[in-house]
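To keep things clear, I will list the structure first and then write my remarks on it.
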Amino acid sequence: MDLLKEILEHLQHGDDEKVTALTKKALEEKIQPKDILDKGLIAGMNIIGEKYKAHEIFLPDVLLAAKAMYAGMDLLKPLFIQEGIPTIGKVIIGSVHGDLHDIGKNLVGIMLKGAGFEVINLGNNVTPEKFIETAQQENAAVIGMSALLTTTMPVMKRVVDLLKEKGLSGRIKIIIGGAPVSEEFAQEIGADAYGYDSVNAVETVTRLMSKSR
Amino acid sequence: MREIIEISNGDITAEKDKVLMNQGISLKDELPEKVITLLGKAMDIFITFSHPVGIISDISISEFDTVYKGEGLNEKDTPVDEIFREADNLALFAVTIGEKVSKKIDELFKKNEFALGSMLDSTASAGADKAADIVENRFLNLLLKDGEATPSTGILRYSPGYCGWHISGQKKLFEFIHPEEIGITLLDSFLMKPLKSVSGVIVAGKKEIHNFEDSYPFCSQCKTHSCRERIRALFIEDSPNNRQGRT
């Protein structure tokens with residue numbers, strides 16, 4: 001079995017130690033880091049995403065695979081920086097001001113990284129200004145916001161409005177999610193998209209990115 | 001009556017099915033060994049780091065009417081609004097499992113231990129519910145001791161943020177019961193800190209008063225409809241919700 005296929009297989013089993021060892025070996029054998037990422041790590045995570053969507057595997061399986069993906073990525077990232085290879089896009093994520101829930105948003109971040117995006121996780125209780133300042137500074141294409149309380153959902157609209165005021169609508173896309181959030185609410189506040197779970201969020205961000213290219 | 005209830009860690013170990021349900025897994029599913037291992041580890045960490053404590057205070061129907069009205073943001077018609085008026089006894093409560101578990105969850109995510117962090121989060125949510133069960137049972141036992149409950153008494157709890165009771169209802173609830181005494185604070189967004197805390201009203205009365213249809217306009221937004229199971233359990237002869245003198 002070739003090395004990239006082995007990485008892909010072991011990643012799916014959530015074997016981070018094997019993925020680390022195989023990624024090192026692949027680098028020693030002069031396989032291009034971009035190929036290791038695309039054909040090994042991301043390809044493995046794509047299969048995991050599909051299997052999860054089809055209810056063939058459980059959330060812990062996805063998260064163990066993500067840990068293995070991160071283990072491989074840790075070895076590749078310095079090389080990408082060194083060679084100036086850009087990621088497929090930068091996404092800023094956070095739970096909105098007043099909201100301390102982290103888990104759902106973290107899962108979205110993990111899956112986005114697994115799909116090859118660069119993710120800047122601002123944590124929770126993030127103000128509208130912080131979302132936009134960071135997106136501008138980092139030249140991010142997408143802001144992802146999460147809210148788990150109906151009382152914090154209006155903060156999402158403030159981010160959308162602030163983005164408009166600054167003339168950044170269209171250039172920076174907004175995706176929202178969280179238990180009380182819906183497609184209708186996304187439309188109502190003028191967000192670009194709604195993600196109903198982590199896998200769907202990755203698909204949606206990918207779609208948003210391709211639109212803005 | 002107002003009481004702070006120290007709860008033993010061992011008593012809030014949640015049932016495996018409830019933890020797995022929070023992970024989107026049913027016990028009917030064939031569980032891979034690695035999921036079972038994660039669950040075991042999460043439960044061990046949970047027992048080590050949780051510090052469950054609760055507070056309970058009885059409240060009259062007229063007092064609760066004020067608490068319930070809160071900031072005036074409730075839905076127009078709600079089941080809680082009808083149920084509490086028919087109650088024999090009411091008590092406000094708040095419980096928490098403490099801050100340490102939440103910190104441990106953060107720590108695990110930072111160390112890329114996503115699966116264990118997520119499993120611990122699910123364990124903690126189920127554990128906080130279990131702590132609320134214990135406080136609810138304590139109220140029932142007090143009523144039984146005082147001869148204020150009978151074998152036909154049905155007892156259920158309701159929380160702000162659910163069933164049309166707006167989450168801003170937390171404000172008046174906190175003003176009445178002061179959960180700050182057990183380390184729970186309320187943020188401007190009405191979120192409780194520590195995150196794994198539960199608050200609300202415990203309603204004791206005839207079982208029938210709890211029996212409502214989930215056909216209120218806001219029910220369509222509800223993703224769990226867990227009221228169905230809770231109500232059903234009240235009417236099952238040997239369910240934990242229908243056992244007198246529960247511990």
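The values are calculated or read from the model by the stated rules, or taken from the named source; none is laboratory data. Treat the numbers as computed from the prediction; the structure is a model and nothing was measured. Glycine also receives a Cβ, built like all others from the backbone with ideal geometry; neighbour counts cover every protein chain displayed. Calculation scope for accessible area: heavy atoms of the full protein, side chains included, ligands and nucleic acids excluded. Shrake-Rupley method; radii C 1.70, N 1.55, O 1.52, S 1.80 Å.
Among the residues making up region B:194-229, those that are free of Cβ contacts under 8 Å to residues at least 40 places away in the same chain and either closer than 26 Å to A:Val126 by Cβ or of a type in the set (Lys, Arg) (or both) are B:Gln221, B:Lys223, B:Arg228.
Rundown of residues vs (1) open to solvent by less than 80 Å² (accessible area, probe 1.4 Å); (2) not in a loop (DSSP other than H, G, I, E, B), yes/no style:
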position: B:Ile4; (1), (2): yes, yes
position: B:Gly10; (1), (2): yes, yes
position: B:Ala14; (1), (2): yes, no
position: B:Lys18; (1), (2): no, yes
position: B:Gly24; (1), (2): yes, no
position: B:Asp29; (1), (2): yes, no
position: B:Gly40; (1), (2): yes, yes
position: B:Phe46; (1), (2): yes, yes
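Can you say whether B:Phe139 is over 26 Å from B:Phe46 (Cβ atoms) and among the aromatic types (Phe, Trp, Tyr), as far as the supplied structure shows? Considered against the rule, which asks whether it is over 26 Å from B:Phe46 (Cβ atoms) and among the aromatic types (Phe, Trp, Tyr), B:Phe139 comes out as no. Look at B:Lys145 and say whether it is open to solvent by 10 Å² or more (accessible area, probe 1.4 Å) and in contact with a Leu (Cβ under 8 Å, 6 or more places away or on another chain). No: the conditions fail for B:Lys145. Which numbered condition trips up A:Leu148, out of (1) in contact with a Gly (Cβ under 6 Å, 6 or more places away or on another chain); (2) open to solvent by less than 70 Å² (accessible area, probe 1.4 Å)? Against the list (1) in contact with a Gly (Cβ under 6 Å, 6 or more places away or on another chain); (2) open to solvent by less than 70 Å² (accessible area, probe 1.4 Å), A:Leu148 comes up short only on (2). Quick check, is B:Ile56 part of a strand (DSSP E or B) and touching a strand residue (DSSP E or B) at 6+ places or on another chain (Cβ under 8 Å)? So B:Ile56 passes the test. The condition (being within 30 Å of A:Val181 (Cβ to Cβ) and outside the structural domain of A:Leu208 (by TED's automatic domain parsing)) is satisfied by just one residue among A:Leu63, A:Leu37, A:Leu8: A:Leu63. The residue that is surrounded by the most Cβ atoms within 10 Å (Cβ to Cβ), among those in region A:177-208 that are touching a Ser or Thr at 6+ places or on another chain (Cβ under 7 Å) and within 14 Å of A:Val142 (Cα to Cα), is A:Gly177. From the list B:Lys34, B:Lys16, the lone residue that is under 21 Å from B:Ser102 (Cα atoms) and within 14 Å of chain A (Cβ to nearest Cβ) is B:Lys16. Note on region B:111-169: residues that are of a type in the set (D, E, K, R), over 17 Å from B:Gln23 (Cα atoms) and more than 16 Å from the chain's Cα centre (by Cα) total 4. The condition of being of a type in the set (Lys, Arg) and under 29 Å from A:Gly104 (Cα atoms) holds for only one of B:Lys69, B:Lys18, that being B:Lys18.
Remark: B:Ile56 falls outside the filter, which requires a residue to be within 14 Å of another protein chain (Cβ to nearest Cβ) and buried (at least 21 other Cβ atoms within 10 Å of the Cβ). Quick check on region B:217-228: of everything there that is open to solvent by less than 40 Å² (accessible area, probe 1.4 Å) and more than 15 Å from the chain's Cα centre (by Cα), which residue is farthest from B:Thr153 (Cα to Cα)? So the residue we want is B:Phe218. Within region B:148-173, restricting attention to residues that are more than 13 Å from chain A (Cβ to nearest Cβ) and outside any loop (DSSP other than H, G, I, E, B), the residue that is nearest to B:Ile209 (Cα to Cα) is B:Gly154. Of B:Leu187, B:Leu191, all but one fail to be without any contact (Cβ under 8 Å) to a residue 60 or more places away in the chain, within 23 Å of A:His97 (Cα to Cα) and surrounded by fewer than 22 Cβ atoms within 10 Å (Cβ to Cβ); the exception is B:Leu187. Selection of region A:90-115 for residues being at pLDDT 90 or above, open to solvent by less than 10 Å² (accessible area, probe 1.4 Å) and outside any helix (DSSP H, G or I) yields A:Val91, A:Ile92, A:Ile93, A:Gly94, A:Ser95, A:Val96. Scanning region A:11-41 for residues that are closer than 8 Å to A:Ala68 by Cβ and among the small types (Gly, Ala, Ser) yields a single hit, A:Gly14. Scan region B:107-118 and tell me whether some residue there is open to solvent by less than 10 Å² (accessible area, probe 1.4 Å), in a helix (DSSP H, G or I) and either closer than 24 Å to B:Leu186 by Cα or away from every other protein chain (no Cβ under 14 Å) (or both). No, because not a single residue in region B:107-118 is open to solvent by less than 10 Å² (accessible area, probe 1.4 Å), in a helix (DSSP H, G or I) and either closer than 24 Å to B:Leu186 by Cα or away from every other protein chain (no Cβ under 14 Å) (or both). Screening region A:116-213 for helices (runs of 4 or more DSSP H) wholly inside it with 1 or more residues that are among the polar types (S, T, N, Q) and without any contact (Cβ under 8 Å) to a residue 60 or more places away in the chain returns the ranges A:128-137, A:183-189, A:198-212. Considering every residue within region B:131-140, establish whether at least one is within 14 Å of chain A (Cβ to nearest Cβ) and either closer than 17 Å to B:Phe49 by Cα or open to solvent by 10 Å² or more (accessible area, probe 1.4 Å) (or both). Looking through region B:131-140, none of the residues is within 14 Å of chain A (Cβ to nearest Cβ) and either closer than 17 Å to B:Phe49 by Cα or open to solvent by 10 Å² or more (accessible area, probe 1.4 Å) (or both). Given the condition within 12 Å of chain B (Cβ to nearest Cβ) and not β-branched (Val, Ile, Thr), answer yes or no: does some residue in region A:32-40 qualify? Taking every residue of region A:32-40 in turn, none turns out to be within 12 Å of chain B (Cβ to nearest Cβ) and not β-branched (Val, Ile, Thr).
When B:Pro79 is tested against (1) modelled with pLDDT of 95 or more; (2) open to solvent by less than 10 Å² (accessible area, probe 1.4 Å), only condition (1) is not met.
Listed by position, the helices (runs of 4 or more DSSP H) inside region A:1-82 whose residues that are surrounded by fewer than 15 Cβ atoms within 10 Å (Cβ to Cβ) and over 16 Å from the mean Cα position of the chain (by Cα) number at least 3 are A:16-28.
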